[in-house]
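Asker: To start, I am sharing the structure in question, which I have written as structure tokens.
The values are calculated or read from the model by the stated rules, or taken from the named source; none is laboratory data. Just so we're clear, the structure is a prediction, and the values are computed from it rather than from any experiment. Every residue, glycine among them, receives a Cβ derived from its backbone with ideal geometry; neighbour counts consider all protein chains shown.
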There are 2 protein chains.
Amino acid sequence: MKFTINQHVLSKALSEVGKVVTQKSLIPILSGIKIIAEDDGITLIGTNADIIIERFIPISEARNNEINIHQTGSAVVSAKSFTELIRKLPESIQLEAINHQNIQIKSGDIFTQFNGFSAEEYPTLPVIDQSNTIHIDAEDLKNAIKQTVFATAKNETRPVLTGTHFTFSGNKFMVVATDSQRLASIVKDVNTKGETTFIVPSSSANELVKQISDYSGVVELHSAEGYILFKTDKLSLYSRLISGTYPNTSKLIPTEQSTTLFLNRESLVKGIDRACLFAGEWKNNNITLTIQDNKLCISSGSSEMGSIQELQEIKDMDGDSDLKISIDGYFLMDAIKTIKDEEIKIKFNGTMRPIVIESTHGKSPYLHLISPVRSY
Amino acid sequence: MKFTINQHVLSKALSEVGKVVTQKSLIPILSGIKIIAEDDGITLIGTNADIIIERFIPISEARNNEINIHQTGSAVVSAKSFTELIRKLPESIQLEAINHQNIQIKSGDIFTQFNGFSAEEYPTLPVIDQSNTIHIDAEDLKNAIKQTVFATAKNETRPVLTGTHFTFSGNKFMVVATDSQRLASIVKDVNTKGETTFIVPSSSANELVKQISDYSGVVELHSAEGYILFKTDKLSLYSRLISGTYPNTSKLIPTEQSTTLFLNRESLVKGIDRACLFAGEWKNNNITLTIQDNKLCISSGSSEMGSIQELQEIKDMDGDSDLKISIDGYFLMDAIKTIKDEEIKIKFNGTMRPIVIESTHGKSPYLHLISPVRSY
């Protein structure tokens, strides 16, 4: 393998792939990045226990001959130190793998010899049947993950709850996450028809959002037994799937409500944020919501620090104005922060039933459910 | 105590003072910030084991009535939670201390009650005789600290070496730091005459640089038994001094050299930085400098990672061109990074004698000394 490449281009791709690579892997070669030079470009592969990332740098897009493949081939180098070195080199880089123990990098008057790993020993990528393809708009996919993934369970008591649940049915796709105290769900339209469902680990979902943060085309999904592949023109992200049956969450969503409030989202976020300062004393970060003189009162207190209470305007209200509920302030903030709407709707049904947060316009694409905290 | 104040003004001052306050102090009141309202403005005081910071917010500078003192007095509040709360409040803040257990903060429709500490129990500031004053230009003081403080000893084997040594003599002031493997020193002119010397803990010196980072007037120094006070119009920083006798470092500076090199500073920093990537294997981060065909060769290697070598242009050279020396790459980089000159002078005197880094123009205000590493 021998090629020359622009330093910025290689450095950017390495750091994107390197982000997922476990630094201290029990299997040393897995702390490496595999570099493959082919006639049409350069591919970088990195992996950890949950994810494999494959990034392609096409020769066709190179301006000013940024990439020149002199000899095809492959090599595996330590992700951390190789990425750091490339970041510190000036403009143009020539990489030549004499053998896997001697990878030579030249840049101007700088000459480096790197010890690598045998490329043959690097694990091969999972084989995924690419016939069964779903196409999703990248923005829809990113938004659906961002608005749900925070609600996944942080502990492994019920492994399925540590993932986000994707369901494709007809021309809809739905993403749900819940840790059994709260639930976040979102429904989007999708062009491809498909009837499939899978559970993606939250770490993979978060990584996918980062890897396609500045991509705005279409993402292809290919699912297989135990694996899912998210694919764009330059990126393939393989993730393991969580096996098991996801609970039927649709029956958790209350159909009744005694009080519905319409509130300004931004000022509510700020109010909850302030109240949370005083709510750390107990495990559940209790804050209390009450209605006083047609205003929403947000309050919390701790015996050590003191107390806070503030009044916020209610834009509109339906139903019973007698409301008092204790809730985990951070859960409420997590949910409201992901929403982009100016105004939101919160539905209450007494002190002990979950609250529901919805969009104010028409059929809500998103829905957040939070169970109250017993405060007595 | 009762006053109103602009949120930004209070928030900025609190975070500056709060930075030094130890969060988990054995004496709870020391994790607080003391707020004093007087007719001419508001003073904030915070402290840790080494430093006391006193910041003054004068009423006279307030535009649009930013500060209004309704009643003078004082209070002590938890630094962390109070600073966080003020940061999260909107524009205008009214603070009223009913008693030390009930400090009320109002801002619009937000009402907070804070538990404080008894202001009387907060330690009083050290009394320092302000007659014996030295005046230093703030820029000179900041530069002198930045160019030396990194060389202080990190371990406490010889406590005096953990501090920076200030010497005022005639119209000069000199700052020296050394950990016995390397030494950094700088000499500046000063208007005030004074014959005094003291050792400032490196943490205090670093904090001083941060606290006066955007101040460019004159700093007053008042030294007392065991204490030093650095004073500007709005800041008083008291630091404990390290007791003991600082070693006589002037005799360490070599008077002879066999080779003198003139090098471009920026490309040397980058080269050393790259070489350090491969130098982590041994304790001393060994990199090797040699002269090859009138160029400087910087090299290093590790059995695990590989090796690097690069050639850099020598701008000018005096003396013997036969040079080979091993040195701690990070020590060299620390020293060169602080220098602003485009070109620097490095003097060598054989493999086992310290190297000296100086300014290329005239009488050098700074001087760095680094002992080589035995590489055999």
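Asker: Identify, please: which residue in the stretch A:53-104 is facing another protein chain (nearest Cβ under 10 Å), out of contact with any Gly (no Cβ under 6 Å at 6 or more places or on another chain) and aliphatic (A, V, I, L, M) and is, among those, farthest from A:Leu235 (Cα to Cα)?
Answerer: Among those residues, the one meeting the criterion is A:Leu89.
Asker: Against the definition (assigned to a helix (DSSP H, G or I), touching a Leu at 6+ places or on another chain (Cβ under 9 Å), of a type in the set (A, V, I, L, M) and under 17 Å from A:Lys234 (Cα atoms)), how does A:Leu14 come out, yes or no?
Answerer: yes
Asker: So, one more: For the stretch B:44-80, enumerate the residues that are buried (at least 21 other Cβ atoms within 10 Å of the Cβ) and part of a helix (DSSP H, G or I).
Answerer: Matches in the stretch B:44-80: B:Ala79 only.
Asker: Return only the number of the condition from (1) within 13 Å of B:Leu14 (Cβ to Cβ); (2) of a type outside the set (Lys, Arg); (3) part of a strand (DSSP E or B) that B:Thr83 does not satisfy.
Answerer: Of the numbered conditions (1) within 13 Å of B:Leu14 (Cβ to Cβ); (2) of a type outside the set (Lys, Arg); (3) part of a strand (DSSP E or B), the odd one out for B:Thr83 is (3).
Asker: OK, next. Among the candidates B:Asn264, B:Asn284, which residue alone is farther than 24 Å from B:Met352 by Cβ, surrounded by 14 or more Cβ atoms within 10 Å (Cβ to Cβ) and polar (S, T, N, Q)?
Answerer: That would be B:Asn264, the only listed residue that is farther than 24 Å from B:Met352 by Cβ, surrounded by 14 or more Cβ atoms within 10 Å (Cβ to Cβ) and polar (S, T, N, Q).
For (1) closer than 20 Å to A:Met333 by Cα; (2) surrounded by 14 or more Cβ atoms within 10 Å (Cβ to Cβ), each residue gets a yes or a no:
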| position | (1), (2) |
| --- | --- |
| A:Gln113 | no, yes |
| A:Asp129 | no, no |
| A:Ile136 | no, yes |
| A:Lys154 | yes, no |
| A:Val160 | no, yes |
| A:Gln181 | yes, yes |
| A:Ala184 | yes, yes |
| A:Val190 | no, yes |
| A:Phe198 | no, yes |
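Asker: While we're looking at this one, here's another question. Do any residues in the stretch B:9-21 that are over 14 Å from B:Leu85 (Cα atoms) have Cβ atoms under 7 Å from those of residues that are part of a helix (DSSP H, G or I) and of a type in the set (A, V, I, L, M), where the two are at least six apart or on different chains, and which pairs are they?
Answerer: Sorted first by the residue in the stretch B:9-21, then by its partner, the pairs are B:Val21/B:Ala79.
Asker: Does B:Asp328 count as more than 13 Å from B:Thr259 (Cα to Cα) and crowded, with 20+ Cβ neighbours inside 10 Å? Steps first, please.
Answerer: On the way: more than 13 Å from B:Thr259 (Cα to Cα): yes; crowded, with 20+ Cβ neighbours inside 10 Å: yes.
In short, yes.
Asker: Run down B:Thr157, B:Thr148, B:Thr152, B:Thr167 and say which single residue is farther than 17 Å from B:Ser185 by Cα and more than 14 Å from chain A (Cβ to nearest Cβ). So that I can check it myself, show each step before the final result.
Answerer: On the way: B:Thr148 fails: farther than 17 Å from B:Ser185 by Cα; B:Thr152 fails: farther than 17 Å from B:Ser185 by Cα; B:Thr167 fails: farther than 17 Å from B:Ser185 by Cα.
Answer to the selection: B:Thr157.
Asker: Further question: Based on this model, can you work out whether A:Ile105 counts as over 26 Å from the mean Cα position of the chain (by Cα), farther than 27 Å from A:Ile212 by Cα and surrounded by 20 or more Cβ atoms within 10 Å (Cβ to Cβ)?
Answerer: On the way: over 26 Å from the mean Cα position of the chain (by Cα): yes; farther than 27 Å from A:Ile212 by Cα: yes; surrounded by 20 or more Cβ atoms within 10 Å (Cβ to Cβ): yes.
Criteria met by A:Ile105.
Asker: Filter the strands (runs of 3 or more DSSP E) completely within the stretch B:280-376 down to those with at least 1 residues that are within 14 Å of another protein chain (Cβ to nearest Cβ). Can you show your working first?
Answerer: Numbers: elements: B:286-292, B:295-302, B:306-313, B:316-319, B:324-328, B:343-348, B:355-359, B:366-370.
Here the list reads B:286-292, B:295-302, B:306-313.
Asker: Another question, if that's okay. A:Leu235: modelled with pLDDT of 95 or more, in contact with a helix residue (DSSP H, G or I) (Cβ under 8 Å, 6 or more places away or on another chain) and either more than 28 Å from A:Ile327 (Cα to Cα) or of a type outside the set (A, V, I, L, M) (or both), yes or no? Walk me through it before giving the result.
Answerer: Details: modelled with pLDDT of 95 or more: yes; in contact with a helix residue (DSSP H, G or I) (Cβ under 8 Å, 6 or more places away or on another chain): yes; either more than 28 Å from A:Ile327 (Cα to Cα) or of a type outside the set (A, V, I, L, M) (or both): yes.
It is true that A:Leu235 is modelled with pLDDT of 95 or more, in contact with a helix residue (DSSP H, G or I) (Cβ under 8 Å, 6 or more places away or on another chain) and either more than 28 Å from A:Ile327 (Cα to Cα) or of a type outside the set (A, V, I, L, M) (or both).
Asker: Within the stretch B:220-229, is even one residue more than 30 Å from A:Asn115 (Cα to Cα), free of Cβ contacts under 8 Å to residues at least 24 places away in the same chain, away from chain A (no Cβ under 14 Å) and not aliphatic (A, V, I, L, M)?
Answerer: yes
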